[in-house]
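S.K.: To start, I am sharing the structure in question, which I have written as structure tokens.
The values are calculated or read from the model by the stated rules, or taken from the named source; none is laboratory data. Bear in mind the structure is a predicted one, so any value in this text is a computation, not a measurement. With ideal geometry, Cβ positions are generated from the backbone for all residues, glycine too; neighbour counts draw on all protein chains shown.
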Amino acid sequence: MSEALTTVGLDLPRFREGKVREIYQLGSDLLLVATDRISAFDVVLGQPIPHKGRVLTQISRWWFERTGDIVVNHLISADPDEIIERHPPLAASRERWEGRSMLVRRTEPFPVECVVRGYITGSAWKEYKASGTLAGEALPEGLVESQRLDPPIFSPATKATEGHDENITFSQVRAVLGNAVATTLREISLKLYARARDIAHEGGVIIADTKFEFGVSDEGEILLIDEALTPDSSRFWLLADYEPGRSQESFDKQPVRDYLDGFVAQGKWDKRPPPPVLPPEVVESTSKRYLKAYEMITGSPLISSP
Ligand SMILES: Nc1ncnc2c1ncn2[C@@H]1O[C@H](COP(=O)(O)OP(=O)(O)O)[C@@H](O)[C@H]1O
Ligand SMILES: [Mg+2]
């Protein structure tokens with residue numbers, strides 16, 4: 001099994017490099033490779049988290065296999081043998097990308113992040129406290145922080161290439177995508193989230209909110225793309241620790257946040273690069289949390305003995 005990698009660095013045309021993923025172009029397919037990089041406070045840290053890339057990829061794959069009846073997704077294969085069968089040159093670099101990669105269909109992404117919130121926290125809690133609304137729509141009075149929302153709420157955002165995404169209203173989505181597409185994306189997003197929230201809850205994980213992306217294929221079909229329902233695209237909370245009326249710990253990133261908060265509190269870090277170096281025990285406890293998240297969601301361990 002491969003070691004923790006900050007960069008995978010395949011010798012292929014690069015489509016995009018994100019904070020965590022490297023995306024390569026293979027004809028009309030893309031290879032989405034999740035590195036073991038972790039970001040906190042929007043800064044990528046220097047120490048990779050063992051198993052994180054594999055956890056992200058395998059959680060996405062698991063959800064893609066369980067939501068195909070709601071919407072078609074971009075996944076062609078996450079099986080290394082099958083990926084090599086389709087793209088034989090990848091055989092040479094196999095141990096660098098296997099397990100952490102998905103071969104997907106390339107689409108034209110819609111320029112909207114389809115966020116669904118089933119619990120009120122983060123920027124949504126800020127908006128509600130300030131104006132009693134979420135994504136511009138009025139919510140009932142008297143909600144407390146982290147309270148469960150029934151029904152969940154579609155709260156879209158723009159895709160910012162740099163910096164923070166900005167929350168927008170559904171009418172703004174309609175103005176960008178047209179009424180038919182906007183309505184379809186909202187409906188699909190809510191269905192996906194409702195299913196995932198219930199499944200994760202049974203495993204003891206709260207998916208407080210999540211972000212979906214959609215794209216259109218060459219044939220004009222709408223596909224679910226990107227990663228889906230992972231700890232990087234969602235807020236995961238431990239159900240056993242959940243208590244409305246306060247903010248909740250992040251299931252996966254809390255050890256990292258706590259450690260960095262200590263530096264900020266002592267005036268030793270201003271949340272800009274370069275970030276502090278994570279000590280081995282923080283790296284290890286974070287790695288264990290990612291593996292645990294995989295196991296609680298899917299019901300099986302990712303590896304038999306971490
Ligand atoms: N099937 C696809 N077709 C086209 N673009 C895709 C597809 N899947 C994902 N993407 C794009 O890849 C990008 C990943 O970049 P980014 O989110 O910045 O990476 P990271 O999550 O590592 O920070 C997303 O913006 C998404 O729109
Ligand atoms: Mg992303």
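S.K.: Within the stretch 115-156, restricting attention to residues that are closer than 19 Å to A196 by Cβ, outside any strand (DSSP E or B) and hydroxyl-bearing (S, T, Y), which residue is farthest from the chain's Cα centre (by Cα)?
M.R.: So, considering only residues that are closer than 19 Å to A196 by Cβ, outside any strand (DSSP E or B) and hydroxyl-bearing (S, T, Y), the one farthest from the chain's Cα centre (by Cα) is S146.
S.K.: Here is a further query. Answer yes or no: is there a residue in the stretch 199-211 that is closer than 24 Å to G68 by Cβ, of a type in the set (S, T, Y) and surrounded by fewer than 20 Cβ atoms within 10 Å (Cβ to Cβ).
M.R.: no
Every residue, every condition in (1) in contact with a helix residue (DSSP H, G or I) (Cβ under 9 Å, 6 or more places away or on another chain); (2) of a type in the set (V, I, T), yes or no:
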position	(1), (2)
L139	yes, no
K159	no, no
E166	no, no
V173	yes, yes
V176	yes, yes
I188	no, yes
G203	yes, no
E213	no, no
A228	yes, no
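S.K.: Please specify each residue of the stretch 187-217 satisfying the condition of being touching a Pro at 6+ places or on another chain (Cβ under 8 Å), among the small types (G, A, S) and part of a helix (DSSP H, G or I).
M.R.: A194
S.K.: Is at least one residue of the stretch 16-34 aromatic (F, W, Y) and closer than 30 Å to D198 by Cα? Break it down stepwise before answering.
M.R.: To start, the set of residues in the stretch 16-34 that are aromatic (F, W, Y) comprises 24.
With closer than 30 Å to D198 by Cα added as a condition, the list becomes none.
No, the stretch 16-34 contains no residue that is aromatic (F, W, Y) and closer than 30 Å to D198 by Cα.
S.K.: Just the residues that are out of contact with any strand residue (DSSP E or B) (no Cβ under 7 Å at 6 or more places or on another chain) and among the aromatic types (F, W, Y), please, taken from the stretch 28-86.
M.R.: F41, W62, W63
S.K.: Residues in the stretch 232-239: is at least one basic (K, R), surrounded by 14 or more Cβ atoms within 10 Å (Cβ to Cβ) and closer than 26 Å to K126 by Cα?
M.R.: Yes: the stretch 232-239 contains one or more residues that are basic (K, R), surrounded by 14 or more Cβ atoms within 10 Å (Cβ to Cβ) and closer than 26 Å to K126 by Cα.
S.K.: If I filter the stretch 168-198 down to residues being under 18 Å from the mean Cα position of the chain (by Cα) and more than 23 Å from R106 (Cα to Cα), which single residue comes out as surrounded by the fewest Cβ atoms within 10 Å (Cβ to Cβ)?
M.R.: D198
S.K.: Just checking, does the stretch 243-250 include any residue being in contact (Cβ under 8 Å) with a residue 24 or more places away in the chain and either closer than 30 Å to G68 by Cα or within 19 Å of the chain's Cα centre (by Cα) (or both)?
M.R.: Yes; the residues of the stretch 243-250 include at least one that is in contact (Cβ under 8 Å) with a residue 24 or more places away in the chain and either closer than 30 Å to G68 by Cα or within 19 Å of the chain's Cα centre (by Cα) (or both).
S.K.: Shifting gears a bit: Here is a list: V55, V33. Which entry is modelled with pLDDT of 95 or more, in a helix (DSSP H, G or I) and within 30 Å of P273 (Cβ to Cβ)? Don't jump to the end; show me each part of the working.
M.R.: Details: V33 fails: in a helix (DSSP H, G or I).
Exactly one residue qualifies, and that residue is V55.
S.K.: Can you tell me which residue in the stretch 13-30 is nearest to ligand 2 (Cβ to nearest atom), limited to those that are under 15 Å from the mean Cα position of the chain (by Cα) and in a loop (DSSP other than H, G, I, E, B)?
M.R.: Step by step, filter the stretch 13-30, then rank; the result is G18.
S.K.: Just to be sure I understand, how many residues within the stretch 216-242 are within 16 Å of the chain's Cα centre (by Cα) and either among the small types (G, A, S) or within 18 Å of R66 (Cα to Cα) (or both)?
M.R.: At the first step, the residues of the stretch 216-242 found to be within 16 Å of the chain's Cα centre (by Cα) are 224-237.
The next check asks that each one be either among the small types (G, A, S) or within 18 Å of R66 (Cα to Cα) (or both); those that pass are 224-231, 233-234.
Total satisfying the criteria: 10.
S.K.: Among the candidates S247, S217, which residue alone is loosely packed, with under 15 Cβ neighbours inside 10 Å and not basic (K, R)?
M.R.: Of the residues listed, the single one that is loosely packed, with under 15 Cβ neighbours inside 10 Å and not basic (K, R) is S247.
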